[in-house]
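Worksheet for the structure shown next.
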Amino acid sequence: MPEKQIIKENTPELGSITVSKEVITIIAALETIKVKGVVGISSGHKAGSVEALPKKELTKGIEAWMKPGEVVLAISIITDYEIGIFKVAQEVQKRTKQSIETMTDLKVLKVNVNVQGVKFKEEEKKTKKKSNKNEEKIK
């Protein structure tokens, strides 16, 4: 069986259902960024700093391991300093697990959350100012 896909057996007369890893990581990414306190999803450390991935690349910060009927996830996030890291990570775990199980009928064994960084209000304001200036230059 290819590592990219998992087969969920259905009744013999209907056939089987295949769900790709990509679908699992997309669901996980969309649920993760909805959680209050998540600033972004990260792909890891680059030259000592942690950068949030752009929306088109969110799945790069999520790893999925699949066996027939089961999934294990690892999600790397950046959190807001003013909201408790532990509570944010727990909410990511709960929402992701619930959504994947509801949408795919696969059993989520674990959702490991790796907090790669913390953003402060001042950093967010600087980042927004820089992006606004860059947008103005492009125009």
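The values are calculated or read from the model by the stated rules, or taken from the named source; none is laboratory data. In this text the structure is predicted, and so the values were computed from the model without any measurement. Methodologically, a virtual Cβ is constructed for each residue, glycine included, from the backbone with ideal geometry; neighbour enumeration extends over all protein chains shown.
Report the residue count in segment 3-33 for those that are in a loop (DSSP other than H, G, I, E, B) and either at pLDDT 90 or above or farther than 15 Å from Val71 by Cα (or both).
If we filter segment 3-33 for residues that are in a loop (DSSP other than H, G, I, E, B), which is where we start, we get 3-4, 10-15.
Those still in the list that are either at pLDDT 90 or above or farther than 15 Å from Val71 by Cα (or both) too: 10-15.
Selection size over segment 3-33: 6.
Pairs linking a residue in segment 75-88 that is of a type in the set (Gly, Ala, Ser) to a residue that is modelled with pLDDT under 90, with Cβ atoms under 6 Å and 6 or more positions apart or on different chains, are Ser76/Ser42; Ser76/Gly61. The set of residues in segment 103-125 being modelled with pLDDT under 95 and among the β-branched types (Val, Ile, Thr) consists of Thr104, Val115, Val118. Of the residues contained in segment 66-85, one or more are found to be modelled with pLDDT under 95 and among the polar types (S, T, N, Q).
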